[in-house]
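Asks: Got a structure for you, questions after.
Derivation of every value follows stated rules applied to the coordinates shown; laboratory data play no part. Since the structure is predicted, the reported quantities are computational estimates derived from the model, not experimental observations. Every residue, glycine as well, gets a Cβ built from its backbone with ideal geometry; the counts of neighbours run over all protein chains shown.
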Amino acid sequence: MLTLENRRLAFLVLATPFFLNDIGFIALDGSYGVYLVDYVTRVFVIFVCFTWSISRKIIKEKHTTNSRWDLLLFAVIFLPVVGRSLYNLIELPFVAMTGWYGLFHFGQINNFQLYWLDLTIGLFLVALSEELVFRKLALSWFLKARRPISQTVVISACFFSLMHWGSGLGRVLFTFVIGIIYMMAYLKLRKLWPLILAHWIEDFIGFGPI
C-alpha cells in the first residue's frame, strides 16, 4: 500500500527536474543545447516514472470511470482548441503590453529531419512527461491527502505554471489557467491518454508550421 508520504515524494522528486532545466535553457539560450537539455530532462523523468517502484505503482493504478469514448475523443479535440485560444487571449496580449519576454528561447531548427523529429517525438516526450507528473502523480498525492477538489485543481495548476518560470510571466499565467482546465478534465475523465494526446496536439499547433 502506497502511503501519503510515498505519493508526495514521487511527485516532488519527479517535478524537480522541470524547475531546474530552465537554468540550463538560460545558459544555452538560442542554441541547439536548449533542445538537448529539454530532451534529457523528459527522457530522465519518463524513465524514472516507469522504473522507480513508487512512481510505477502510481502510474499503474486504475481509476473507476464511466467515460464514454465520444467524450474522450471530444476532449482530445476540445482541449487544444481551448489551449490555443487562451494563449492568444492571455500570453500574447500580456507580452505585447508589458514587453516581458522569457529568459531564453528555443533556436530555430534549420534541419528538416531534426525539425520534424522535434515536432513529433520531442513534443510527445513533453506531453507524456508533464501529464504523468503534473496530472497523474499530482492527483495521486492530493487524493491521498484528502484535499478538496478546488485545492487539488488550483495547487496542481500552480506547480504546473511555476515550472515554466524561465519562459516569462505571461507563460506562467497562461499555463496556470491551462493547468486548471487539464486537471478538471482529468478529474472528469480519469484517463490520462486523452490529455497526453491533446497536450501534444496543442504544442504541435503552437510550435509547428500551422
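Asks: Answer rounded, prolate or oblate for the range 121-210, using the Cα gyration tensor with square roots of eigenvalues a ≥ b ≥ c: rounded when a/c is under 1.5, else prolate when a/b is larger than b/c, else oblate.
Replies: oblate
Asks: Any chance you could run the full-extension gain for THR65 through ALA96? It's 0.36 nm times the residue separation minus the Cα-Cα distance, nm to one decimal.
Replies: Numbers: separation 31, 0.36 × 31 = 11.16 nm, distance 4.24 nm.
Result: 6.9 nm gained on full extension.
Asks: Oh, and also: Can you compute the charge dipole magnitude of the range 47-130 about its Cα centre, using +1 on each Lys and Arg Cβ and -1 on each Asp and Glu Cβ, nothing else charged? Give it in debye, rounded to the nearest 20.
Replies: On the way: 6 positive and 5 negative charges, 77 e Å.
With Lys and Arg at +1 and Asp and Glu at -1, about 360 debye.
Asks: Further question: So how much slack lies between ILE205 and ILE46, counting 0.36 nm per residue of separation and subtracting their Cα-Cα distance, in nm? List each step's numbers first, then the result.
Replies: Numbers: separation 159, 0.36 × 159 = 57.24 nm, distance 2.32 nm.
Result: 54.9 nm gained on full extension.
Asks: What's the extension gain from TRP116 to LYS188 if we count 0.36 nm per residue and subtract their Cα-Cα distance? Intermediate values should be presented prior to the final figure.
Replies: On the way: separation 72, 0.36 × 72 = 25.92 nm, distance 3.29 nm.
That works out to 22.6 nm of additional length.
Asks: Only loop residues by DSSP count here, and only those with at most 11 other Cβ atoms within 10 Å; note down the trypsin sites (Lys or Arg not before Pro) in the range 131-210 that meet that. Before the final figure, lay out each step's value.
Replies: Working: sites: ARG135, LYS136, LYS144, ARG146, ARG171, LYS188, ARG190, LYS191; in loops: ARG146, ARG190, LYS191.
Passing both the DSSP loop test and the Cβ count: ARG146.
Asks: Whole angstrom only: what separates the Cα centroid of the range 6-35 from the Cα centroid of the range 47-117?
Replies: Their Cα centres are 15 Å away from one another.
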